[in-house]
Amino acid sequence: MSADVIFYASRLLDRYALCENFFEIVDGKIQNKVLGMKLLETDSKKNRRKVTDIRDVADTALMLCGFFPSAIENKIVSPKYYYDIGTVAYKKLNNFVPEYLDQKDFYANLSQLFYQLAQLLTILSESFKQDDSSFLLRSTALKSG
């Protein structure tokens, strides 16, 4: 996996640190993103908005598959659906942004690496969970001791 892909993933983690990026406001109400519908709707959008929405679908799918896999395990559709949506969205994005970070076909490459990158994010997520629980255990021991 290239340094550019790792860099992209780190920027993704930074952006999705704000939970509001996982949701949309529709008719004044906060709702989960319906990634398949949002991806289909990009066909009728103008270029700049199209690119933004396709990237949002791809990035959200990657974060759900990688960093929050438990969030998609009990959905009506299988986790494979989210992997497929993310992969297709990055491929589609490559048609509009054929070069990123001075790398030709960056998003096509990201599409091919989607599963591996999701696995990397899952490992990272698990390490955060372990760090948090060990921190809680240490702080509880300090308070009681």
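Every read-out reported here was derived from the displayed coordinates using simple, explicitly stated rules and does not represent laboratory data. Note that the coordinates shown come from a computational prediction; the quantities given were computed from them, not determined experimentally. Note: ideal-geometry Cβ built from the backbone for every residue, glycine included; neighbour counts use all protein chains shown.
Select, from D4, D59, D84, D14, the only residue that is among the charged types (D, E, K, R), closer than 28 Å to E126 by Cα and buried (at least 18 other Cβ atoms within 10 Å of the Cβ). Exactly one residue qualifies, and that residue is D59.
Of the residues making up segment 84-101, those that are free of Cβ contacts under 8 Å to residues at least 12 places away in the same chain and among the charged types (D, E, K, R) are D84, E99.
Reported count of residues in segment 55-71, each being part of a helix (DSSP H, G or I) and either of a type in the set (A, V, I, L, M) or touching a Leu at 6+ places or on another chain (Cβ under 7 Å) (or both), is 11.
Checked against (1) over 11 Å from the mean Cα position of the chain (by Cα); (2) buried (at least 20 other Cβ atoms within 10 Å of the Cβ), Q31 meets all criteria but (2).
Restricting attention to segment 82-117, the residues that are part of a helix (DSSP H, G or I), within 19 Å of D43 (Cβ to Cβ) and of a type outside the set (G, A, S) total 12. Residue count for segment 40-54 under the criterion of being assigned to a helix (DSSP H, G or I) and either without any contact (Cβ under 8 Å) to a residue 40 or more places away in the chain or surrounded by fewer than 13 Cβ atoms within 10 Å (Cβ to Cβ) (or both): the result is 9.
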